[in-house]
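Shown next, in structure tokens, is the structure this report addresses.
Every number here is computed from the coordinates shown, using simple stated rules; none is lab data. From a predicted model like this one, the values you see are computed outputs, not experimental measurements. For neighbour counting, all protein chains shown are included, and Cβ atoms are generated from backbone atoms with ideal geometry for every residue, glycine included.
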Amino acid sequence: MRRPIIAGNWKMYKTTAEARALVSALVTTLQDEERVEVVVCPPFTALSTVAPLLAGTRIALGAQDVHWEDEGAFTGAVSPRMLVDLGCRYVIIGHSERRAYFAETDETVNRKTRAVLAHGLVPIVCVGESLAQREAGQTRFFVTGQVRAGLAALGEKARTIVIAYEPIWAIGTGHSATGKDAAEVIGLIRETLAEMDGRDTAEAIRSLYGGSVKPENSKEFMTSPGIDGALVGGASLKAESFVPIVRYYA
């Protein structure tokens with residue numbers, strides 16, 4: 001049985017002091033949580049601050065992006081080796097904001113995914129369509145294309161990844177897909193993975209929904225078939241909104 005996972009993507013929020021306060025509150029509140037795997041993904045500047053607070057707890061540390069090279073003349077980039085050194089276990093890859101604002105492509109998603117797997121990190125790979133693509137009936141074509149290109153040639157390691165369906169039209173807009181919508185696309189993603197790497201691998205991969213997830217709609221996604229958790233944005237920035245989401249999945 002796939003273990004549920006709730007990951008908080010803090011995006012470009014929180015100073016180191018604010019990050020320390022939030023993580024301290026989460027550790028205190030969720031220290032006895034066992035059934036759900038909880039991940040927090042602060043900005044790079046706060047990783048070294050919160051890592052000691054999370055050491056030995058049930059909450060894992062994740063990063064919001066990564067470069068595919070171990071080192072080199074890549075100003076402003078952070079490598080998988082650096083993230084491992086800081087105590088990270090997870091890395092978000094291919095978030096729609098990275099694709100839209102920083103020219104992320106399916107090719108770079110694939111390179112980053114293979115690089116972090118080589119270092120024992122767990123990639124949370126994001127896919128999702130725009131409103132225009134959805135209204136044009138292109139969801140299947142676009143999302144399966146992202147999956148095939150972004151997760152190509154991973155081999156046996158494919159079963160360790162986490163994939164997040166984040167419809168672009170539902171990120172930061174206050175609108176979210178219904179549980180039925182999300183389950184249908186995640187089912188499509190799993191079928192695509194089965195064609196690529198076999199049914200056993202497809203069934204092992206955890207699939208999350210992301211896009212304006214909040215306490216009020218968490219239960220709808222929790223009870224939808226095939227959804228193993230959530231990638232949470234704005235609601236992860238406060239303990240009082242993030243903790244209830246975790247507990248819905250518990």
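The residue list F44, P244, T28 was ranked by how far each Cα lies along the charge dipole of the chain toward its positive end, using unit charges on Cβ atoms, and T28 comes out on top.
In terms of surrounding Cβ atoms within a 10 Å radius of their Cβ, V84, V143 rank from fewest to most as V84, V143. For the range 89-138 and the range 24-45, compute the distance between their C-alpha centroids and round to whole Å. One Cα centre to the other: 23 Å. Tell me, what is the FRET efficiency for F141 and K180 to the nearest 0.05, using R0 = 22 angstrom and their Cβ-Cβ distance as r? The calculated FRET efficiency here is 0.65. List the GluC sites (Glu not before Pro) within the range 1-61 that DSSP assigns to loop and that have no more than 13 neighbouring Cβ atoms inside 10 Å. In loop regions of the range 1-61 (DSSP not H, G, I, E or B), the sparsely surrounded GluC sites (Glu not before Pro) are E34. A cut-off of 5 Å between modelled amide H atoms, ignoring neighbours fewer than 5 places along the same chain, links G8 with V39, V40, C41, V232. What the phi angles of the range 143-152 give under the Karplus curve with 6.51, -1.76 and 1.60, with θ = phi - 60°, is a coupling list of 5, 5, x, 4, 5, 4, 7, x, 10, 5 Hz, glycine and proline written as x. When F102, F221 are sorted by how many other C-beta atoms sit within 10 angstrom of their C-beta, beginning with the fewest, the order is F102, F221.
The alpha-carbon of K219 sits under 19 angstrom from the alpha-carbons of these lysines, leaving out residues fewer than 8 places away in its chain: K180, K238. Helical runs (DSSP H, four residues minimum) scored at -39500 (n - 2.57) apiece and divided by the length of the chain put the mean residue ellipticity at 222 nm at -13500 deg cm²/dmol. Listed by chain and number, the lysines whose alpha-carbon sits under 20 Å from that of K157, ignoring those within fewer than 8 places in the same chain, are K112.
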